[in-house]
Amino acid sequence: MKRLAGKTALVTGSSRGIGRATALRLAREGATVAVHYADNADAAKATLAAIEEEGGRAFLVRAELGVPGDVDTLFQGLTAGLREATGKEELNILVNNAGVMGGVKPEDLTPEIFDRLIAVNAKAPLFLTQRVLSIMPDGGRIINIGTGLLRYANPDEVAYSMSKGALDQISLHFARLLGPRNITVNTVSPGITNNGSPIFDVPEAREFMANMNAFKRIAEPEDVGDVVAFLASDDARWITGTFVDASGGTLLGG
Ligand code: NAP
């Protein structure tokens, strides 16, 4: 019996990277997965095709986050897709994964850059979480994708990390709110993870990045997606409101 048979999941930003690996893993466990994306329809279709090739079930939802009406658009696409795929509007697992990076020196930060990071990485997940609670049965799962930068300093990512810090607060406070419904809410925090960006093809950069974690290899998206799948399963029912370090020990230092 697959661990997530009969369940439904929304993975925001699952056209690529960690989101794609998570969507694939949840589908492999039996969940019907809403593959969400913003612009990259080809990549989203590739995720969908990969799931279907393995015999899994999924559908696409397009919605740009961080713009007015974002959560409305996503929710409408989600509920329409759920109805078509399963005959009902019920979501068991929400993975708030879609995010934008900063990479801006502290002296170059602007209020506009800050507002965008907050809008995509914190505000959209908060109101999406609020919205999907109306269709989430007891025993649901909410998993927020944070970052090791919540515990590891990088001045060029101060605004990004602030936005992820705000996201992490959703886990703490909603975990308490939703405990009586047996819904768990947690933050999974990756370290540097190969998302197909060109930097991962540069040998010197690869060596540097690999040396940041305890295992001395580049993290692949599946390393994080598998942790998310565990938290989504019944085996993780007693874990809530917590920060799960999925950085391969980057935070250990050395
Ligand atoms: P990625 O490969 O850059 O992909 C980003 C995904 O999010 C894509 O599916 C993209 O959709 C979607 N997305 C981006 N901006 C969006 C917006 N405004 N509205 C809707 N969707 C949007 O991502 P990743 O590197 O795997 O990272 C996934 C998550 O992990 C992010 O929250 C990131 O902050 C976090 N994280 C990543 C790393 C890392 O090293 N990779 C480390 C720590 C934390 P399109 O394809 O349509 O653009």
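Every number here is computed from the coordinates shown, using simple stated rules; none is lab data. Here the structure is a predicted model, which is why all the values come from computation and not from measurement. All Cβ positions, glycine included, derive from the backbone under ideal geometry; neighbour counts span all protein chains shown.
Flag set for residue 159, criterion: crowded, with 17+ Cβ neighbours inside 10 Å, within 17 Å of residue 189 (Cα to Cα), without any contact (Cβ under 8 Å) to a residue 60 or more places away in the chain and aliphatic (A, V, I, L, M).
Scanning the stretch 208-224 for residues that are in a helix (DSSP H, G or I), of a type in the set (A, V, I, L, M) and free of Cβ contacts under 8 Å to residues at least 60 places away in the same chain gives 209, 210. If the condition is being assigned to a helix (DSSP H, G or I) and not hydrophobic (A, V, I, L, M, F, W, C), then the stretch 192-207 contributes 198, 201, 203, 204, 206, 207.
A quick yes/no check of all residues on (1) closer than 22 Å to residue 187 by Cβ; (2) in a helix (DSSP H, G or I):
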residue: 27; (1), (2): no, yes
residue: 39; (1), (2): no, no
residue: 80; (1), (2): no, yes
residue: 89; (1), (2): no, no
residue: 98; (1), (2): yes, no
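Checked against (1) buried (at least 17 other Cβ atoms within 10 Å of the Cβ); (2) among the aliphatic types (A, V, I, L, M); (3) assigned to a helix (DSSP H, G or I); (4) out of contact with any Phe, Trp or Tyr (no Cβ under 8 Å at 6 or more places or on another chain), residue 113 passes all but condition (1). Candidates are the residues of the stretch 103-160 that are of a type in the set (Lys, Arg) and within 28 Å of residue 76 (Cα to Cα); the one that is farthest from the ligand (Cβ to nearest atom) is 141.
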